[in-house]
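Working notes, beginning with the structure itself.
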Amino acid sequence: MKKVFLASPLFSESEIWFDKQMVSLMEKLGFKVFWSWRDERELRKRKELEGKDWTYKIYVLNRELIDKCDMVVACLDGSDVDSGTAWEIGYAVANKKPVIGIKTDGRLHGKNQVVNLMIQESVSKIVKSLKELEEELRKFR
């Protein structure tokens, strides 16, 4: 079973709702999905992280989950890519893991760019909908 890390901002109900749609889709396709919003409860069980600030714990968890995965799906929505998501993309690429970006909103970054050029050149593909994400993920099963 291929493992996917979902990189996405988690700051609003709508972001979490959309993430849940992506998680459901990926699990339906047979992927094991790592998603920090759901998986962060594992941090409470880690003795070596006792007394550490929660921000450090999230950093450690996300790094470890990306290390375990075969690929990353990154939500690129917004006027600019969320900074945490951008870091997760960079970390995945540095570790030679393919990244699929999904950008469902129509805002452009600059004249003709969908996202910042560093993100654009880091991802394997940018899809525009859950349907397109499903089609792209089928190639990785």
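Values quoted throughout were computed directly from the atomic coordinates according to the rules given, and no laboratory measurement underlies them. Just so we're clear, the structure is a prediction, and the values are computed from it rather than from any experiment.
Observations on the model:
- Ratio of Rg to Rh over the chain (Cα coordinates, Kirkwood Rh, two decimals): 0.96
- The distance linking the range 1-57 with the range 75-141 is 18 Å (Cα centroid to Cα centroid, whole angstrom).
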